[in-house]
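Novice: The structure follows.
The values are calculated or read from the model by the stated rules, or taken from the named source; none is laboratory data. All figures in this text were calculated on a predicted structure; none of them were measured in a lab. A quick note on method: Cβ atoms are made from the backbone with ideal geometry, for glycine too, and the neighbour counts reach across all protein chains shown. We work out accessible area using only protein heavy atoms, side chains counted, and drop any ligands, DNA or RNA first. Shrake-Rupley method; radii C 1.70, N 1.55, O 1.52, S 1.80 Å.
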Amino acid sequence: MTIDRAFLESWQPRALAVLRIVTAYLFMLHGTAKLFGVPHQAMFDNLPVLSLIGLAGILEFVGGLLILIGLFTRPVAFVLCGFMAVAYFMAHASQGYAALPLLNQGDLAVLFCFVFLYFVFSGAGAWSVDAILRRA
(Lines give C-alpha, C1' and ligand atoms only; values in the text may rest on other atoms or scores of the structure.)
Protein backbone atom coordinates (compact mmCIF):
# COMPACT_ATOMS: atom_id res chain seq x y z
CA MET A 1 0.00 0.00 0.00
CA THR A 2 1.37 3.39 -0.94
CA ILE A 3 0.21 6.73 0.33
CA ASP A 4 -0.29 9.40 -2.28
CA ARG A 5 2.33 12.13 -1.84
CA ALA A 6 -0.11 14.84 -2.90
CA PHE A 7 -2.51 13.71 -0.16
CA LEU A 8 0.20 13.94 2.49
CA GLU A 9 1.32 17.35 1.26
CA SER A 10 -2.25 18.66 1.29
CA TRP A 11 -2.51 17.79 5.00
CA GLN A 12 0.88 19.26 5.96
CA PRO A 13 -0.46 22.67 7.11
CA ARG A 14 -3.04 20.97 9.34
CA ALA A 15 -0.49 18.57 10.80
CA LEU A 16 1.75 21.57 11.54
CA ALA A 17 -1.20 23.27 13.26
CA VAL A 18 -1.81 20.21 15.44
CA LEU A 19 1.88 20.15 16.41
CA ARG A 20 1.71 23.89 17.22
CA ILE A 21 -1.48 23.60 19.30
CA VAL A 22 -0.38 20.55 21.31
CA THR A 23 3.09 22.00 21.91
CA ALA A 24 1.63 25.33 23.04
CA TYR A 25 -0.86 23.65 25.37
CA LEU A 26 1.86 21.59 27.05
CA PHE A 27 4.13 24.63 27.28
CA MET A 28 1.35 26.79 28.75
CA LEU A 29 0.77 24.24 31.52
CA HIS A 30 4.24 25.04 32.86
CA GLY A 31 3.27 28.71 33.05
CA THR A 32 -0.15 28.12 34.62
CA ALA A 33 1.43 25.89 37.27
CA LYS A 34 3.87 28.66 38.18
CA LEU A 35 1.48 31.62 37.98
CA PHE A 36 -1.94 30.24 38.92
CA GLY A 37 -1.17 26.98 40.71
CA VAL A 38 -3.02 24.91 38.10
CA PRO A 39 -2.06 22.15 37.87
CA HIS A 40 -0.80 22.40 41.42
CA GLN A 41 2.89 21.80 42.00
CA ALA A 42 4.00 22.39 45.58
CA MET A 43 7.40 23.74 44.51
CA PHE A 44 5.65 26.78 43.00
CA ASP A 45 3.61 27.70 46.10
CA ASN A 46 4.18 31.36 47.05
CA LEU A 47 6.32 31.94 43.97
CA PRO A 48 7.16 35.64 43.55
CA VAL A 49 6.09 36.72 40.05
CA LEU A 50 9.12 39.01 39.77
CA SER A 51 11.58 36.19 40.37
CA LEU A 52 13.46 34.38 37.60
CA ILE A 53 11.07 31.42 37.77
CA GLY A 54 8.08 33.78 37.93
CA LEU A 55 9.26 35.55 34.78
CA ALA A 56 9.71 32.14 33.17
CA GLY A 57 6.08 31.42 34.03
CA ILE A 58 5.00 34.64 32.32
CA LEU A 59 6.92 33.69 29.16
CA GLU A 60 5.49 30.18 29.26
CA PHE A 61 1.90 31.35 29.73
CA VAL A 62 1.80 34.38 27.42
CA GLY A 63 4.14 32.90 24.81
CA GLY A 64 2.28 29.59 24.93
CA LEU A 65 -1.06 31.34 24.49
CA LEU A 66 0.20 33.29 21.46
CA ILE A 67 1.61 30.11 19.89
CA LEU A 68 -1.62 28.25 20.69
CA ILE A 69 -3.78 30.72 18.76
CA GLY A 70 -1.08 31.22 16.14
CA LEU A 71 -0.57 34.95 16.60
CA PHE A 72 2.88 36.41 15.87
CA THR A 73 4.05 32.79 15.69
CA ARG A 74 7.49 33.35 14.17
CA PRO A 75 8.78 36.13 16.47
CA VAL A 76 7.22 34.52 19.57
CA ALA A 77 8.71 31.14 18.64
CA PHE A 78 12.10 32.83 18.21
CA VAL A 79 11.92 34.28 21.72
CA LEU A 80 10.72 30.99 23.22
CA CYS A 81 13.43 29.03 21.41
CA GLY A 82 16.07 31.25 22.98
CA PHE A 83 14.31 31.07 26.35
CA MET A 84 14.41 27.27 26.28
CA ALA A 85 18.07 27.25 25.25
CA VAL A 86 18.92 29.51 28.19
CA ALA A 87 16.73 27.40 30.51
CA TYR A 88 18.56 24.27 29.41
CA PHE A 89 22.03 25.66 30.02
CA MET A 90 21.13 27.46 33.27
CA ALA A 91 18.98 24.82 34.94
CA HIS A 92 19.97 21.50 33.39
CA ALA A 93 23.40 21.47 31.76
CA SER A 94 24.85 23.14 34.85
CA GLN A 95 23.97 19.96 36.79
CA GLY A 96 26.43 18.03 34.64
CA TYR A 97 26.05 15.79 31.61
CA ALA A 98 25.48 18.77 29.29
CA ALA A 99 25.54 16.52 26.21
CA LEU A 100 23.12 14.02 27.79
CA PRO A 101 19.82 15.83 28.48
CA LEU A 102 18.15 12.64 29.65
CA LEU A 103 20.56 12.49 32.60
CA ASN A 104 20.06 16.12 33.69
CA GLN A 105 16.26 16.15 33.11
CA GLY A 106 16.68 18.70 30.33
CA ASP A 107 15.25 16.68 27.47
CA LEU A 108 11.93 18.55 27.49
CA ALA A 109 13.69 21.94 27.38
CA VAL A 110 15.75 20.75 24.39
CA LEU A 111 12.67 19.42 22.62
CA PHE A 112 10.70 22.64 23.19
CA CYS A 113 13.72 24.64 21.98
CA PHE A 114 13.93 22.80 18.67
CA VAL A 115 10.17 22.65 18.06
CA PHE A 116 10.02 26.42 18.57
CA LEU A 117 13.00 26.79 16.23
CA TYR A 118 11.02 24.83 13.63
CA PHE A 119 8.06 27.19 14.08
CA VAL A 120 10.36 30.16 13.39
CA PHE A 121 10.91 28.78 9.88
CA SER A 122 7.57 27.04 9.24
CA GLY A 123 5.15 29.61 10.63
CA ALA A 124 1.89 28.64 12.29
CA GLY A 125 0.27 26.48 9.64
CA ALA A 126 -3.49 26.24 9.27
CA TRP A 127 -6.02 27.19 11.94
CA SER A 128 -4.11 30.25 13.13
CA VAL A 129 -4.68 33.97 13.52
CA ASP A 130 -1.55 34.49 11.41
CA ALA A 131 -3.20 32.59 8.52
CA ILE A 132 -6.39 34.66 8.88
CA LEU A 133 -4.43 37.93 8.88
CA ARG A 134 -2.40 36.81 5.87
CA ARG A 135 -5.65 36.28 3.87
CA ALA A 136 -7.10 39.66 4.86
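Novice: For region 1-83, with every protein chain kept in place, what is the accessible area per residue (1.4 Å probe, Å²)?
Specialist: Ligands and nucleic acids excluded, the figure is 63 Å² per residue.
Novice: Another one. Could you tell me the relative contact order of region 38-133? Use alpha-carbon pairs under 8 Å, at least six residues apart, and round to a whole percent.
Specialist: Reported as a whole number, the value is 30 percent.
Novice: Could you give the distance between the Cα centres of region 98-127 and region 1-69, to the whole Å?
Specialist: First find each Cα centre; the distance between them is then 11 Å.
Novice: Something else about it: Among 2-12, 70-80, 46-56, 28-38, how do they line up by average Cβ neighbours within 10 Å per residue, starting with the highest?
Specialist: In decreasing order of mean packing, 2-12, 70-80, 46-56, 28-38 become 70-80, 28-38, 46-56, 2-12.
Novice: Still on this model: Taking a cut-off of 27 Å, what percent of all Cα-Cα pairs in the chain are separated by more than that?
Specialist: Above the 27 Å cut-off, the chain has 27 percent of its Cα pairs.
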